[in-house]
């Protein structure tokens, strides 16, 4: 089986979806974040292990957006998430074909549940545990050299996977994250994946980039220059 087929097999093992979320399994044939799509840029690509970068989002979002993307055979590239993400990757000299686009939380939010704000998954310990286990399996399958984490909600999720992350778990803003020096964490290890390290950089979520990018700073570096510095200096791949 291909890398994506193996990952979809693992995805189907999750049976703990809360009532606010609905299971999906790569129904979008083209470009889109996993699990709504394969998470890969090129058509018919099924390989994770040759992708050096993981782009890690919060969750896929609303059912209506997913259904529209299935019909259009890709996510909306003009929506803020994808429009700004493409600009960001260009700014940071990252080839989209080198990336696996995925989420911390599996499934989609059912009709009537807003796509804005923290996922309902954070109120369901069993499902959250299953999502964490699946993310570890995704990382192990891909073994990325760099994980780019999008937005603040992912920080809370990732902090539970890392040892000695009590400071990280308390972060509520990028200003705080940058102040305590945890915007980039090189050579992180996962207990479940022996003989492997990766580099982690927290960047602004593309949807809210215009609100947050200006608050990022280190010495004389601000905004885009600061995020680019994190990627270039701490986490080359």
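The values are calculated or read from the model by the stated rules, or taken from the named source; none is laboratory data. In this text the structure is predicted, and so the values were computed from the model without any measurement. Every residue, glycine as well, gets a Cβ built from its backbone with ideal geometry; the counts of neighbours run over all protein chains shown.
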Given the structure, is residue 86 surrounded by fewer than 16 Cβ atoms within 10 Å (Cβ to Cβ) and either in contact (Cβ under 8 Å) with a residue 60 or more places away in the chain or out of contact with any strand residue (DSSP E or B) (no Cβ under 7 Å at 6 or more places or on another chain) (or both)?
yes
Does residue 45 satisfy being more than 28 Å from residue 123 (Cα to Cα), surrounded by fewer than 18 Cβ atoms within 10 Å (Cβ to Cβ) and at pLDDT 95 or above?
yes
For residue 68, only one of the following conditions fails: (1) within 27 Å of residue 113 (Cβ to Cβ); (2) free of Cβ contacts under 8 Å to residues at least 24 places away in the same chain; (3) assigned to a loop (DSSP other than H, G, I, E, B). What is its number?
(3)
Only unsatisfied item for residue 81, checking (1) surrounded by fewer than 16 Cβ atoms within 10 Å (Cβ to Cβ); (2) in contact with a helix residue (DSSP H, G or I) (Cβ under 8 Å, 6 or more places away or on another chain); (3) within 21 Å of residue 210 (Cα to Cα), is (1)
Out of 20, 5, 46, I need the residue that is under 19 Å from the mean Cα position of the chain (by Cα) and over 20 Å from residue 78 (Cα atoms). Which one?
46
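Conditions (1) at pLDDT below 95; (2) within 14 Å of residue 150 (Cβ to Cβ), marked per residue:
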position: 28; (1), (2): no, no
position: 31; (1), (2): no, no
position: 65; (1), (2): yes, no
position: 105; (1), (2): no, yes
I want to confirm something. Restricting to segment 123-155 and keeping residues that are surrounded by 17 or more Cβ atoms within 10 Å (Cβ to Cβ) and over 28 Å from residue 47 (Cα atoms), which single residue is modelled with the lowest pLDDT?
152
Note on segment 210-225: residues part of a strand (DSSP E or B) and at pLDDT 85 or above are 221, 222
What number of residues in segment 27-42 are closer than 23 Å to residue 127 by Cβ, surrounded by 17 or more Cβ atoms within 10 Å (Cβ to Cβ) and out of contact with any strand residue (DSSP E or B) (no Cβ under 6 Å at 6 or more places or on another chain)?
3
Please work out if residue 105 is touching a residue at least 40 places away in the same chain (Cβ under 8 Å) and either in a helix (DSSP H, G or I) or in contact with a strand residue (DSSP E or B) (Cβ under 7 Å, 6 or more places away or on another chain) (or both).
no
Identify the single condition in (1) under 20 Å from residue 126 (Cβ atoms); (2) in contact with a helix residue (DSSP H, G or I) (Cβ under 8 Å, 6 or more places away or on another chain); (3) part of a loop (DSSP other than H, G, I, E, B) that residue 51 does not satisfy, given that it satisfies every other one.
(1)
Filtering segment 156-179 down to residues that are under 22 Å from residue 99 (Cα atoms) and either surrounded by 20 or more Cβ atoms within 10 Å (Cβ to Cβ) or out of contact with any helix residue (DSSP H, G or I) (no Cβ under 8 Å at 6 or more places or on another chain) (or both) yields 157, 158
Taking residue 191, is it at pLDDT 90 or above, out of contact with any strand residue (DSSP E or B) (no Cβ under 9 Å at 6 or more places or on another chain) and over 22 Å from residue 81 (Cβ atoms)?
no
